[in-house]
2 protein chains.
Amino acid sequence: MASSSRSSGPPVGLGQDSMDVDGPAPNGSANDASPAPRLRASSMPATLRANAYHVGYVYSSKMMSHSCVHGHCEQPERISRIFDILNQNDCLKKMKRLPIRRVLREEALLVHSQALWDKVLALHSLTDQDIADSEAYYNDLSLYVHPTTPYAAQLSAGGVIEATLAVARGEVKKAFAIVRPPGHHAEPDEHMGFCFFNNVSIAAKVVQLKSTLKRILILDWDVHHGNGTQRAFYDDPSVLYISLHRYEGGNFYPNGPFGSMTSCGEGAGLGYSVNIPWPEKGMGDADYILAFQKIIMPIALEFSPDLVIISAGFDAAEGDDLGECHVSPAGYAHMTHMLSSLAGGKLVVALEGGYCLDAIAASALAVTRVVLGEMPPQLPPLTASEAATETIWQVSAEQSKYWKNLDPKVCEPMEELEQIAISLPELLKAHRQDYLFRTHGMLEVPLMSVPLIERFNAQVSCTPDIMDNDTLIVFAHEFGNLAVELDSVMFCNVRQEHSYLIDCSKELLTWAKAEGYAVLDVNVYPKPFPKSKLKHTDDYGGAVMVYLWDNYVQLTAARRVVLVGHGPGCNAIMSLIAQRAASVLKTVEGVVQVVGLHNVPTTPPNTPSLRQWYFDNSIVVVPSNHPIFHDSKTMKKHGQVFRIDEEKPIKLIIKAMPGIQGFIKDKFSNASVNGDA
Amino acid sequence: MASSSRSSGPPVGLGQDSMDVDGPAPNGSANDASPAPRLRASSMPATLRANAYHVGYVYSSKMMSHSCVHGHCEQPERISRIFDILNQNDCLKKMKRLPIRRVLREEALLVHSQALWDKVLALHSLTDQDIADSEAYYNDLSLYVHPTTPYAAQLSAGGVIEATLAVARGEVKKAFAIVRPPGHHAEPDEHMGFCFFNNVSIAAKVVQLKSTLKRILILDWDVHHGNGTQRAFYDDPSVLYISLHRYEGGNFYPNGPFGSMTSCGEGAGLGYSVNIPWPEKGMGDADYILAFQKIIMPIALEFSPDLVIISAGFDAAEGDDLGECHVSPAGYAHMTHMLSSLAGGKLVVALEGGYCLDAIAASALAVTRVVLGEMPPQLPPLTASEAATETIWQVSAEQSKYWKNLDPKVCEPMEELEQIAISLPELLKAHRQDYLFRTHGMLEVPLMSVPLIERFNAQVSCTPDIMDNDTLIVFAHEFGNLAVELDSVMFCNVRQEHSYLIDCSKELLTWAKAEGYAVLDVNVYPKPFPKSKLKHTDDYGGAVMVYLWDNYVQLTAARRVVLVGHGPGCNAIMSLIAQRAASVLKTVEGVVQVVGLHNVPTTPPNTPSLRQWYFDNSIVVVPSNHPIFHDSKTMKKHGQVFRIDEEKPIKLIIKAMPGIQGFIKDKFSNASVNGDA
């Protein structure tokens, strides 16, 4: 309810600079700044401090002094534009202006090392020449520096502290810290990513120390992972850090695995770091809101914070070129509304990144309106993207180890039940071997290499005519697709009557046999060996294919070979082609890659003749929604792309089968002509 | 923010009756009441009607005239107590009092039949003698009646209409209709369950007709299923009906399957009825809030209502003897806060049930405070109960057929993939048969009855010594427990390396063989035949056990038999005991029932000697959290109850195995002594 708009005028003026309340001018050695007021939470009941304002803000244009001579997206106007739009929309007059001040050394040292403090403060004495000379060094850290940088960084951190303490004192219920430079990338020992001090982390530590608010939720919706904040509380169960960010396998800033969904904290803090790592750009309101509904709010229900701090970057906003996402102002309003329900409404919003001035202004206005009590706008009907849905599911499963309100529960560790458990791959392998023998008379192909036996034993079969038949289909695939419904979420129990194994090879094998082609059938799904997880980078599939090529295919009568890959088998096929290019070119007439939604494997870049051959003789079967259709470069490295109008990978090979059969028949007939020439 | 408390005083007085604005006195034939003001939404922009109030309410003490001479929990004070507490807490003076009036006949007929309208209005002419004479009839409908009933019921419906239209006109943003009698059980053609007209349904129809608000979410948190409301919109996709209620297999009022999770609407309305049916009493804040987070809010995101109406019964509140649940005022506040974020904040709260005056007053106050803009109170750390977690999971899976924001996705219909699919039970059965033969030399027992062959073929095995061994263990169980992790939520794919089959029989079979006992192993999980689902009431397990008893066990040399049931096998064992009591008593030395979390099967009540025998010779193995420990009556019908300190059913039989083995050995040794005697 924005009804407070009818209250008497605000006690603060409207001029911009006139509102800066931080006394001292920029001063590099300013760690002797006037000390922050000491607060003993118990001595200051909220009722005594009740005033007309429910919401406060901190702001100072002095933080605009930190700027880059060459221009930079982390520009001074980021905060003035937010200030201006809030002012123009009559928000500021409903908010109490809170004092801003520099962070104290002892406050910063709650998070940072003395060395970092000294390093940042020393920037004050930089000359223009120093700046020019150190540009490369700072570029590597994604930083620019200026003699006023320490002052601005100290004010930024001090501003978030004051906003947080005002909420802790009950002086205001909520507060918005309109500050820069941002803080969430700043690690205990390093400044990086436009960040010098970790404003939010320091404020959280200070408020824990100085008030009764102990359990803090830091919600970081900046499009980048807040590595610094997560690091500051990695082993600390009193601060729950939740981040939504672009991750892309660790290839989005700040890069590496720290922002992955399995990076969940350590020691006592295990489970108190929650990463929701988007696998791609383009996420929007539905994706963010659904992550809040299904992960963040259920965890918050279980954690019950005393205070919520939003690390509010606005670089996931529609229009931000760095973030390339599509969160609307209304989307930010809804997220703010959800977080407002926590901690009895005690909420601090602290600006982090966000580089499109229009977008951050509109987003900050929407957030502020909700903070002031307005209802968020009605959104159109929204559904989350498939990528977001999968990510939310996987994070939920991962975090269900630590949070009872999340599911599905992950399976029990195998060890405890070993005496009566049978691994599913073993069971399916036995089934498949039995099926191939009974239905097609296919025989197990022995492997003579210990590492391959350990991983692929009983996973390779051939038709009995393999030595004599001159046409051979080599079919590399993984296990059938086991589709199940879970009956119970607590015990991972399968609703067996609604569950089935899809064996995509069945139809191809039956057809090949009828046509009189020999088949070498390879299940490239490696057994976990030893019990640790296999790294996906290890090319065991390629290794088994090369082994079979050298020790079987090359010894058979087959002079006309078609290679068929399905799912992960496609990479194994491509690995074989790359490693045995010469003999493959001699005997392989065609390649079929039923990639489904997997990445389309690419030909080795350094062998143009192989690439041309592959272009001329391969077909790639993908569903109509495959990303390759947005990637003309990869498209050119393949021959025919069969775009099948079917989004479910499971049905792809069925729908594509007539085309695949036609291609293979064609290749084998042409081959015999070519063979004669 | 409740800052509007500082505004000038409200234009309405505080006296109770003085605020009744409905002119005419009670009048049974009152369908000629003054017509409601006609509203054309387009002609009345919200801005023209803007006033000092964001929130309105309707109330009239005239609705208290409907009362029961014998006293009744649906008592007149239900509304006055709410009125009083809102008044005492300064809420009413921040709210606009909206006019109340009687529902018009043509409005009621948008939902109800003319016959029902006439039936209710005719109550006006009831004499005391009529009331006494018809008591049994109305009791059957869970109703009481009074000559003023039609007037009160018309006011109640008219009040909800006026509250809703005030929101639709933009006159207020939110409104609370403090009305009775309630409405949500009233069906189009029948009054029932304390309800005469379906207030909320009528209001929804009227507002759709008279305003631009077309997509309406009715959220029914009354502890009973709102059968009448669901019926009114069952085939209507413009009104999304969501209900949380005690269901208990259809055994809680209003009973039957209409409130089940598979009752999802029909025709165009399929997917627009969402039932969250609690399987037991005792649900609390965490259960309700998690249902909101994981089901209701994701569906609402996808539906995007123009208006939200809460069918706000407060009988799930802590302290309500009918509801026996534990929702706190803070819990209601949080649910209200979540719903406030929808439809741009357009919300109507309409009272339904709730019978503890203190509880409804406190709950209504908490809801009203949030409606007025206050933040909900901080809740302690909360986790949902296991029963609620399972229900939420199952509803989510069911509704994922209709709502993209929900998961897990249910498996594709089998038919489309039949050519390449293998049902999981078939696969597991083949595995088990193979395993029993390879490991224990066990043989398939042929079944000679067509219905049994259809359902249990290849599911019965025995050790080769069954005809000659005088000790026999009959082991009835279902398939092994398949525990899986899902890799992809979109395609139900199993993360096979983390998945395994738990075959609880392994250890028992190995041990029995080593001890020299013969074993008859029966998988009582019936194959679906024909493809329709089996009804759980059909005792196929019992039938196959009796068949095996008559045709095999009775013909063997075994004179000392122990029956072992596991999971659903326990019921099959009990069915055998009941059907073949005489011969069972002669040869069975002991019974082991590893029931896990299933219901403990009970002995036939009409055969005391059998019950005594069972009491003396059976052990029941249950986890420490089994409900039997709250049920001393059932406890007494069993012998030893093994309470195993293990909540996971999957591990129960492992932990219990030493005890089970000791019991069986003991029985077999005693038996030989007894046999000699």
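The values are calculated or read from the model by the stated rules, or taken from the named source; none is laboratory data. Owing to the predicted nature of the structure, the values given are computational and were not obtained by experimental measurement. Neighbour counts run over all protein chains shown; Cβ positions are idealised from the backbone, glycine included. In case anyone asks, the SASA skips ligands and DNA or RNA and just uses the protein heavy atoms, side chains included. Shrake-Rupley method; radii C 1.70, N 1.55, O 1.52, S 1.80 Å.
The table below gives the values:
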item	result
Cα gyration tensor category, rounded, prolate or oblate, for segment B:57-399 with a/c compared to 1.5	rounded
Cα-based Rg / Dmax (Å) for segment B:562-665	12.8, 36
Greater than 31 Å apart at Cα, pairs in A:Lys173/A:Lys205; B:Lys281/B:Lys506; A:Lys404/B:Lys96; A:Lys96/A:Lys401; A:Lys401/B:Lys633	B:Lys281/B:Lys506; A:Lys404/B:Lys96; A:Lys96/A:Lys401; A:Lys401/B:Lys633
Label point 7 Å beyond Cα along the C-beta direction, distances from A:Asn251 to other copies (nm, shortest first)	5.8
Förster radius 35 Å - calculated FRET efficiency between A:Asn606 and A:Thr510, Cβ distance, rounded to 0.05	0.30
Accessible area, probe 1.4 Å, largest first, for residues B:Ser238, B:Ser273	B:Ser238, B:Ser273
Whole-Å distance, taken between Cα centres, linking segment B:257-286 and segment A:180-226	43 Å
Inter-probe distance in nm under a simple model that places probes 7 Å from Cα toward Cβ, at B:Lys633 and B:Phe615	1.6 nm
Pseudo-label separations to other copies for A:Asn599 - Cα-to-Cβ vector, 7 Å, nm	5.4
Other protein chain Cβ atoms within 10 Å, averaged over every residue that makes up A:501-509	3
Per-residue mean of C-beta atoms belonging to partner chains within 10 Å, peptide B:371-382	6
Point-to-point label distance, A:Glu444-A:Asp470, nm (Cα→Cβ direction, 7 Å offset)	3.4 nm
Other copies of A:Ala132: label-to-label distances in nm, shortest first, labels 7 Å along the beta-carbon direction	11.0
Rounded if a/c under 1.5, otherwise prolate or oblate - segment A:45-150, Cα gyration tensor axes	oblate
Dipole magnitude of segment B:237-347, debye to nearest 20 (Cβ charges: Lys/Arg +1, Asp/Glu -1, about Cα centre)	320 debye
Those GluC sites (Glu not before Pro) in segment B:242-313 that DSSP places in a loop and that have at most 14 other beta carbons within 10 Å	B:Glu266
Estimated vicinal HN-Hα couplings, Hz - segment B:598-608 in sequence order (Karplus 6.51, -1.76, 1.60; Gly, Pro = x)	5, 5, 6, x, 10, 6, x, x, 8, 10, x
Cα-based shape type of segment B:150-273, given that a ≥ b ≥ c are square roots of the gyration tensor eigenvalues and the cut on a/c is 1.5	oblate
Per-residue HN-Hα couplings for segment A:254-262 [Karplus 6.51, -1.76, 1.60; θ = phi - 60°; Hz; x = Gly/Pro]	x, 6, x, x, 5, x, 6, 6, 8
Phi to ³J(HN,Hα) by Karplus 6.51 cos²θ - 1.76 cosθ + 1.60 over segment B:111-122, Hz, x for Gly, Pro	10, 9, 7, 4, 4, 5, 3, 4, 4, 5, 5, 5
